[in-house]
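Contents: one structure, followed by commentary.
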Amino acid sequence: MSMADFDRFLFAYTIGSHIILVSASIGLILLLVILELMILRKNDSRYLTLIKRLKKMFVISFGIGTASGIVMAVEMVALFPNFMTLVSETGAIALFYAEIFTFFLETIALVLYVYFNGVFKWKYTSAVLSFVVLFGTLLSAVFITMVNAWMNTPDGFTLVSVNPLIVTNVDPWAPFATASTFSQVAHVLTTTVLAGAMLLGVFFAIRYLRAENDNEKSMASSALHIIGVIGIVDIILAGISGSHEMATILSQQPLKYAAFDLNYAGGSNMPETLFGYLLGTKVMWALSIPGLQSLLASFETGSGVVPGLSQFPANEWPPLLVHTTFDIMVVGGLLIGLFLFIMFLLFVMKKDPLKYRFMIYLFPIAGIFTFIVYELGWVTDEVGRQPWIVYNEMTVTQAINTSPGLLIPGLLIVAFYLILVPATFYFFSRIYRSSRASADLGRKEPEGGVNY
């Protein structure tokens with residue numbers, strides 16, 4: 001493996017691990033906001049106990065996620081120095097400053113929410129502070145996604161030369177609204193919330209199955225019902241935003257689109273190809289649905305004509321593995337949707353999904369599978385942009401640091417995350433089980449607002 005390949009692997013590994021922590025944090029704070037709103041309607045001791053425990057879990061998640069984010073930021077500078085120079089000389093640097101601002105907002109609101117909300121006498125204090133934390137967390141994700149959208153559809157500068165780097169015609173506001181910003185932000189937010197919620201679903205399904213008493217089972221059941229509703233709403237939004245994202249890729253990154261659908265020759269009336277591989281100019285061992293790809297493209301863009309790989313130089317093709325990851329992502333999304341649709345039907349029929357044993361066992365499976373699909377979505381997007389780090393402007397090899405001095409620190413980071421991620425969920429479990437439900441369930445809301 002060359003140092004260029006190692007740098008690619010290390011950053012992919014780091015961000016893939018970081019995404020697990022970020023998604024868990026977003027799922028936790030969204031669940032907390034919903035519980036805070038439910039308490040305002042009904043002061044149920046189950047909700048108070050869940051909030052008390054989830055707050056501690058979120059603090060752990062926030063702290064570890066912050067440390068992980070620092071590692072990722074350092075890697076961006078160390079592994080891709082020329083890319084970061086390009087960022088600093090264009091308006092894209094403003095997105096990083098905006099993300100730092102949202103991090104400050106999230107941090108300040110979190111401190112107030114966890115330690116000082118009892119000081120304020122307004123009954124809505126806890127709910128408002130939890131919402132501000134959620135807002136800061138989501139806005140931070142928005143700005144980071146905007147950076148990625150700018151990498152996919154760069155705008156607001158003219159790159160005269162890569163070596164030496166010469167940039168002209170800089171528009172500092174252009175990176176905030178590129179051709180792919182809206183569609184990518186919408187899809188990333190919906191899928192991240194879905195992945196984070198379903199990841200918590202795994203945790204609470206296991207807690208439900210291993211509950212030692214009815215109180216613990218009741219709390220896990222309450223959390224699972226909320227997570228189920230989040231999942232039902234989000235899978236619909238993820239489907240809509242995903243369709244819009246594909247339309248944007250079709251118009252703005254036609255080569256990436258051709259790789260996703262494994263089109264060698266583009267045209268009209270093209271079939272939808274599931275799995276398989278490209279041998280020369282022919283697709284082998286694939287399930288082909290005649291005309292479906294052009295039909296979907298026509299629905300998304302108004303035109304059924306789609307691009308083909310043959311229209312582009314072969315040395316600019318991304319690894320065609322992205323076709324398989326894309327298909328797994330789409331088929332996996334449909335299967336997750338089926339699970340959530342069954343839950344929706346049971347809710348409509350006023351039946352408790354958790355009364356059905358198969359639903360309880362399917363919940364952790366669906367949650368793990370959701371996260372695998374989510375990670376594959378990022379793999380598909382990032383590998384699909386190769387060999388470019390900034391599409392059609394700078395390649396990864398032009399941006400990368402090939403110093404062998406990165407090898408040992410990089411291997412230590414790999415080992416660090418192998419311990420960190422499972423340790424995080426271990427501490428989640430320990431914190432959640434650190435107090436007895438029978439003692440906590442007797443708690444009532446104090447005068448002047450909730451203080452946990």
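A short reminder: the numbers here are calculations on the coordinates, not readings from a lab. Here the structure is a predicted model, which is why all the values come from computation and not from measurement. FYI the Cβ positions are ideal-geometry reconstructions off the backbone, even for glycines, and counts take in every protein chain you see.
Here are some notes:
- Tilt relative to the chain, helix 125-152 - C-alpha long axis, 0 to 90 degrees, to 10: 10 degrees
- Counted charge near residue 342, where neighbours are those whose Cβ lies closer than 14 Å (Asp, Glu -1; Lys, Arg +1): +2
- Segment residue 427-residue 85, extension gain: residue separation times 0.36 nm, minus the distance between their alpha carbons: 119.3 nm
- Nonlocal amide H pairs with residue 91, under 5 Å, H built at 1.01 Å: 171
- Extension gain for residue 411 to residue 338 (0.36 nm times residue separation, less C-alpha to C-alpha distance): 22.3 nm.
- Gain on full stretching of the segment that runs from residue 356 to residue 305 - 0.36 nm per residue minus C-alpha separation: 13.7 nm
- Cut-off 11 Å between beta-carbons: net charge of the residues surrounding residue 177, Lys and Arg +1, Asp and Glu -1: -2
- Sparse packing (at most 16 other Cβ atoms within 10 Å of the Cβ) combined with a DSSP loop state is found for the following trypsin sites (Lys or Arg not before Pro) in the range 365-433: 433.
- Theoretical FRET efficiency, 1/(1+(r/R0)^6), r = Cβ-Cβ of residue 170 and residue 214, R0 45 Å, to 0.05: 0.10
- Tilt relative to the chain, helix 93-111 - C-alpha long axis, 0 to 90 degrees, to 10: 10 degrees
- The chain, helix-only ellipticity at 222 nm - DSSP H runs n ≥ 4, -39,500 (n - 2.57), divided by all residues, nearest 500: -23500 deg cm²/dmol
- 3J(HN,Hα) couplings calculated from phi for the range 365-381 with the Karplus curve 6.51 cos²θ - 1.76 cosθ + 1.60 (θ = phi - 60°) are, in sequence order, 5, 5, x, 5, 5, 4, 6, 4, 4, 5, 5, 5, x, 5, 4, 4, 5 Hz; Gly and Pro show x.
- Residue-wise HN-Hα couplings along the range 174-187, as the Karplus relation 6.51 cos²θ - 1.76 cosθ + 1.60 with θ = phi - 60° gives them from phi, are 4, x, 6, 8, 7, 5, 10, 4, 4, 5, 6, 4, 4, 6 Hz; Gly and Pro carry x.
- Given the alternatives (1) 33, 26, 24; (2) 40, 28, 20; (3) 32, 29, 22, semi-axes √(5λ) of the Cα gyration tensor in Å as computed for this entry is given by (2).
- For the range 355-441, the Cβ-based charge dipole about the Cα centre amounts to some 620 debye (Lys, Arg positive; Asp, Glu negative; other atoms uncharged).
- For residue 42, the lysines whose Cα comes closer than 16 Å to its Cα, not counting residues fewer than 8 places off in the same chain, are 123, 444.
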